[in-house]
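Undergrad: Below: one structure in structure tokens.
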Amino acid sequence: MEAYLATIFSFPTVVFTVFLGIVVCYWILAIIGLLDLDPFDLDLDLDVADAQGLAGLMVTLGLTGVPLPLVLSFLAMYGWALTYFVSLYILIPMFGGVILYIAGAGVIAIAFGISILLTAKTIRPLRPLFRKAYGTASAKVIVIGRTGTVRSGSVSETFGEAEITIDGAHLILKARGEAGLNLKRGDKVIFVKYLEAENAYQVMPEEDFLADS
């Protein structure tokens, strides 16, 4: 027990211990009704019109479609678990003093990055459960008519990605193109339609769009 307490309150684990503690306190207060917040109002399934700065980064990382407190909970749990076991079996036995803090700072950065990837994978199958709670998203018209760049090797009727920058936010969106367009990485495209069923965008070559205008 002493080793456990010493680890969770030592650097770098203590950073995620505090983070996890805040998350736990939130859920306790929400459950007993002392916190007047509805988790469904704290949503990261943002329209592209709102995707600026941090919100745009969240969209790009795939941390969307579920309540924000749930995303933060997974981030805290994964980050805490990773730093705890690395500290217990590697950092504390092998390092001390200033070196421990330097190594610990690196562990925090790596753990946070891994936590983002794990959280994105964890919430992906949960999104349909919250879709009705949020209702159907708007048509995301802010993207329609804008120019983007093909990011994937190609774009077909069933596969593809394109990137676009809106108000400083770099977004990676699913793209779909008609057969025969032969769209490839680096091609400029215009987002012409939002395909709600696929959560993707119909695109066409920029030159074709301009020619038809």
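The values are calculated or read from the model by the stated rules, or taken from the named source; none is laboratory data. All of these numbers come straight from a predicted model, not from anything done at the bench. Glycine gets a Cβ as well: all are built from the backbone with ideal geometry, and neighbour counts include every protein chain shown. Side chains are part of the model used for accessible areas, which takes the heavy atoms of the whole protein and leaves out ligands, DNA and RNA. Shrake-Rupley method; radii C 1.70, N 1.55, O 1.52, S 1.80 Å.
Undergrad: At q = 0.19 Å⁻¹, work out log10 I(q)/I(0) for the stretch 145-213 with the Debye formula, treating every Cα as an identical point scatterer and leaving solvent out; two decimals please.
TA: -0.64
Undergrad: Quick one: how many Å² of Ser73 are accessible to a 1.4 Å probe, rounded to 10?
TA: 10 Å²
Undergrad: Suppose the chain between Lys184 and Ile114 were pulled fully straight at 0.36 nm per residue; how much longer would it get relative to their current alpha carbon spacing?
TA: My answer for the length gained is 22.2 nm.
Undergrad: How large is ³J(HN,Hα), in whole Hz, for each residue of the stretch 111-119 in order, when computed from phi with the Karplus curve 6.51 cos²θ - 1.76 cosθ + 1.60 and θ = phi - 60°, using x for Gly and Pro?
TA: 4, 5, x, 5, 4, 4, 5, 5, 5
Undergrad: Report the full-extension gain for the segment Ile99 to Leu129: residue separation times 0.36 nm, less the Cα-Cα distance, to one decimal in nm.
TA: So the extension gain works out to 6.3 nm.
Undergrad: Moving on to the next point. Using DSSP to call loops (not H, G, I, E or B), can you name the GluC sites (Glu not before Pro) in the stretch 143-179 whose Cβ has at most 13 other Cβ atoms within 10 angstrom?
TA: Listed in order of number, the matching sites are Glu157, Glu178.
Undergrad: Just to confirm the filter: which chymotrypsin sites (Phe, Trp or Tyr not before Pro) across the stretch 159-213 are DSSP coil and have at most 16 other Cβ within 10 angstrom of their Cβ?
TA: Taking the stretch 159-213 and a limit of 16 other Cβ atoms within 10 Å, the loop chymotrypsin sites (Phe, Trp or Tyr not before Pro) found are Phe159.
Undergrad: Next question. With labels modelled as points extended 7 Å from the Cα through the Cβ direction, what inter-label distance (nm, one decimal) is found for Thr165 paired with Leu61?
TA: Label-label distance for Thr165 and Leu61, simple model: 2.1 nm.
Undergrad: To the nearest 0.05, what FRET efficiency results for Trp27 and Ala211 with a Förster distance of 45 Å applied to their C-beta separation?
TA: Calculated transfer efficiency: 0.20.
Undergrad: Something else about it: Val66's amide H: which non-local residues (gap 5+, or another chain) put their own amide H closer than 5 Å, with H modeled 1.01 Å from N in plane and none for Pro or chain starts?
TA: Leu44, Asp45
Undergrad: What's the center-to-center distance, using Cα atoms, between the stretch 148-165 and the stretch 174-213 in Å?
TA: Distance between centres, Cα-based: 8 Å.
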